[in-house]
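Here is the structure we will look at.
The values are calculated or read from the model by the stated rules, or taken from the named source; none is laboratory data. Predicted model only: the values in this text are computed from it and were never measured. All Cβ positions, even for glycine, are placed from backbone atoms using ideal geometry, and neighbour counts span all protein chains on display. What goes into the accessible areas is simple: the full protein's heavy atoms, side chains included, and nothing from ligands, DNA or RNA. Shrake-Rupley method; radii C 1.70, N 1.55, O 1.52, S 1.80 Å.
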Amino acid sequence: MEVPRFNEPLDSASTNILKSVLDHIPILAIFLDRDFNFTWVNHLYAETCGHPLAYFPGKNLFDLYPHEGNQQILREVIDTGEPHAATADPFVFPDQLSRGVTYWDWNLYPIKNNSREVSQLILTLTEVTKRIEAEKALRKSEAKYRRLSENSPAVVYQFLMTPDGKFSFPYMNDRISDIVGLSAIEIIKDAQKLLHMIHPDDHDSFYEKVLTSARTLNPFDATFRCLNNDEVLWIEAHSTPEGFPNGSILWNGFFVDITDRKQTENSLQASHERFLTILDSIDATINVVDMETHEILFMNKRMIESFGRNMTGEICWKAFRDKPGPCPHCTFDKLVNEKGRPKDVYVWHDKHPINKKWYVNYDRVIEWTDGRWVRIQTATDITKLKSLENRLQQAQKMEAIGNLAGGIAHDFNNILFPIIGISEMLLEDFPAGSIPYDNAKEIYKAGIRGSELVKQILAFSRQSEHKMIPVRIQQVLQEVYKLIRPTIPSNIEIFQHIQTNCRFVLADPVQIHQIAMNLITNAFHAMEGKGGEIHVHLKETAVEQNHLSVDMLAPGHYALLSVSDTGCGIDPAIIDKIFNPYFTTKGHGKGTGLGLAVVYGIVKDHNGDIRVDSAVEKGTTFNIYLPLMAESVETLEEKEIGEACSGNERILLVDDEAPIARFEKISLERLGYHVTTRVSSIDALALFAETPNNFDLVITDMAMPNMTGEQLAKELIAIKPTIPIIICTGFSEHINRKKAYRIGIKGFLMKPIVKSELATMIRSVLDDIKK
C-alpha cells in the first residue's frame, strides 16, 4: 500500500488536527519520539491495551514490545526518513492486548522538523486478524469490504463516468445521509440529486477537475461547497481513478464534511484581516524585528509608505540606514534584563532617514507566533509637536526678554521723568532764543526721544498702555502708503493687494500703523541699492483646528496682513533670532534692532500671530494674523477734553523716587496747586488717615516698596470713598487703565509724563468730581 509522506514539518496546529482525526477513526495510533518513547496514544489504543491514556507517555515502546524485528524497522525509518508500511504483518504484542491480537496492518510515518531531521514517528495499526481469518476462508469476500466501508467516518463512494459522459454512483455508504440528508440508495438511483447540490460558483471548477482526472488518470482532490436547503456545506473529496477498456472511468474515494473546519479557518482569516486593518489604520509606523537575526518580520502599511517599499525579510539595519553595521542606537539590549527576559517599554526619539520627520519610538519585547522573542516598535510622528515645542521655547524666551525689558523701561522712565519735566520747566524760565533756552530744548527733545524708545520697548514687552478701538486696517495702510512712498527710491515698486471690505479688528490704530511702517521699512532695507518689489496684501482668512502654519492661533476668522519683498532674504541660521530686541543685520546707523521685536510684541498683545517665510536671495514674507471682530462697527470718536491747566486744590503726591517727587511738586505748585509730598506709601497712608479732609486729590506712583500704588489707593478709598486718585506708572503687569477704574481710581498716566499731560489729567479728574 502507498504510504503518505509528510514532506513539510507539521506545526502545532496541524499536529493537533491530526491527533483529533486519529482519535475519531477506528485505528490504533501512537506518537513516538526519536528514542521510541510514547508521547501520545489515541483512545482506541489505550482501550485496546486496557490502560488509561496517562499510562503511556514517557514509557519506551521496546520495554513494552521487545521484538527485535520491529525494532530494526523503526530504526531504519529514523535513519532513512522514509515511511514504512506492512499488511498483515506479525507485529508481536504481549498479553496486554485484549483478545490475543497478533496480526495488524500498520504504517509508520516519520515527521521531520525544520532542519529536515526526523523528530517524531507516527505508528498506526489496524486490526486485521479477522480479515486474515476471513481471507483464509474467502479472500475476496465483498461483505468484509462493505462492512469496513460502512463503518468509515467518511463518505466512501465509487463514482463512474461512462464514455458518453454520464455520471453515476455505483456504491456509497450510508454516512452520506448524515451530511446531506439523502440516503445512499437515493443517490445510487439518481446521481444528479447529489451533483445538483454543488454550489453554482463551484460547479465549473468541480467538473473541470473531474475531466482532468479522467484524462490523465491522476488522483482527483477537490474542495467545494454544497447547498443543502439554506445551509452551505464545505466538502473535501479525494478520489483515485481507474480506467477500463470500454472507456469508462471509475473513481474510488471518500469525502468528508469540513464545514466546521472551514468556518474556523474563515474566522481566523477574518480575524487576521481585521488585525492587519487595525495596524494599517493606526496613525503610526509599526515594525517587528527578530532580536537574534535582525530580520524584519512585519511592517504595517504606514511604515511601508514612509520608506516607499516593503522591507519584510531584510536585515533591519541594512534596510533602515545606508551606513554599514548595526544601528548605534539599537535598543535590543535595553529591552531585556540580565536574564534575557523582557523589561518595560523603551521610549526614544529619532528623525526618519527618508522623510526627515521626527518620531517618538516605543520599543517593547513580545513573544512571536513561533515562541521566539521579537522587538515591536511603534513610532508616532511628532514633527508638529516638535515645531510647537520650538515655538513655545521661543515664546518663553521672548516673554523672559520682555519682562527684563519692561523692568529696564520702568527704571528708564524714572530717569527720564525728571529730565523731561525739569527741561520743560527750564523752557518756561529761560527766554526764547537764548543759549540756555536752546540747551534746555535739546535736553527736552532728547528726553522725548528716549521716551519714544521706552514706548517701543514696552510695546515689545506687551506692557504699554494703549487704546483698543475698532480699526479698518485698509485705511491705516492707505495712510502708511502716503507717508512712506516718497521716502522709498523709485527703483523699488510697491504693489497693494487690499481687500476693500475686510472687516474691523479691535486694535490700537497707532500700533497697527507702526506694524506696517516697520515691515515695509524692513522690506525696503532688504532691497536697498539693487531695487525690487514690495507687495502688501490684506485679506480675510479662516484658521481651522490643527492648522499647521498658524498652530498658535485659536480657530476663527482673521485679517491676514502680508508684506513681501524680493530682497536678500534671511539666513536660516539667524531666522530664529530676528524677533529678539536689539538684534539687527543692518549697518551702523540703519536701525536699533527693535523694529521686529516691537512688531512681535504688538501682534501678541492683539491676540494674533506672526510667521516669516524667507529664502536667501529670493526674498522674505511676513504674515500677520489679527482676529476679526464679530460685527462691523464704526470707529469711536475720542472724547475731547478741554484744557484746564491750573488750579488751587490740595494734592497729596506720593512717589518713592525723591527727584520725581520734587519735580512734580515744583511743576504743580507753578500751576497754583498746594502740594504735599511723601516718598513712602506707608507714610502717605498714615498722613491721609490723620487728615483725610486736608486733601482734594492724591497722585501716586504704582511701583513702590512695602505698598504698591494700587494697594495704597484701596486703603485711601476705604478711608474716604470720595477721594479722587491718579496712578502714574512706567509699566505694570499687575494694573492697567481698566483695572484702575474698576477699583475706583479716577486717572491713569503712563510715564514719562510731560507737564501738559499731567495738568490736563488733574483738571479733568477734579472737574468731574465737582459735577
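Some observations on this one:
- Check on Arg75, exposed (fewer than 14 other Cβ atoms within 10 Å of the Cβ) and modelled with pLDDT of 80 or more: yes
- With respect to being among the small types (Gly, Ala, Ser) and either at pLDDT 85 or above or within 22 Å of Glu117 (Cα to Cα) (or both), Ala54 fits the description.
- Members of region 427-448 that are within 23 Å of Met750 (Cβ to Cβ), of a type in the set (A, V, I, L, M, F, W, C) and open to solvent by 60 Å² or more (accessible area, probe 1.4 Å): Ile443
- Scanning region 638-663 for residues that are part of a helix (DSSP H, G or I), surrounded by fewer than 19 Cβ atoms within 10 Å (Cβ to Cβ) and not basic (Lys, Arg), we see that the one that is modelled with the lowest pLDDT is Pro659.
- Residue match in region 574-595 (condition: touching a Ser or Thr at 6+ places or on another chain (Cβ under 8 Å), at pLDDT 80 or above and hydrophobic (A, V, I, L, M, F, W, C)): no
- Summed over region 317-333, residues that are surrounded by 13 or more Cβ atoms within 10 Å (Cβ to Cβ) and either over 23 Å from the mean Cα position of the chain (by Cα) or in a loop (DSSP other than H, G, I, E, B) (or both) total 9.
Conditions tested, residue by residue: (1) modelled with pLDDT under 75; (2) over 23 Å from Ile610 (Cβ atoms); (3) in a strand (DSSP E or B).
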position	(1), (2), (3)
Asp363	no, yes, yes
Leu388	yes, no, no
Arg391	yes, no, no
Ala395	yes, no, no
Gly406	yes, no, no
Ile422	no, yes, no
Pro431	no, yes, no
Lys441	no, yes, no
Lys445	no, yes, no
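- Selection count, region 504-532, where residues are assigned to a strand (DSSP E or B) and over 12 Å from Thr620 (Cβ atoms): 3
- Given (1) open to solvent by less than 60 Å² (accessible area, probe 1.4 Å); (2) within 18 Å of Gly421 (Cα to Cα); (3) not in a loop (DSSP other than H, G, I, E, B), number of the condition Ser756 does not satisfy: (1)
- On inspection, Ile484 qualifies as in contact with a helix residue (DSSP H, G or I) (Cβ under 6 Å, 6 or more places away or on another chain) and either assigned to a helix (DSSP H, G or I) or among the hydrophobic types (A, V, I, L, M, F, W, C) (or both).
- Hits in region 685-702 - residues which are surrounded by fewer than 23 Cβ atoms within 10 Å (Cβ to Cβ) and either touching a residue at least 60 places away in the same chain (Cβ under 8 Å) or at positive phi (or both): Asp696
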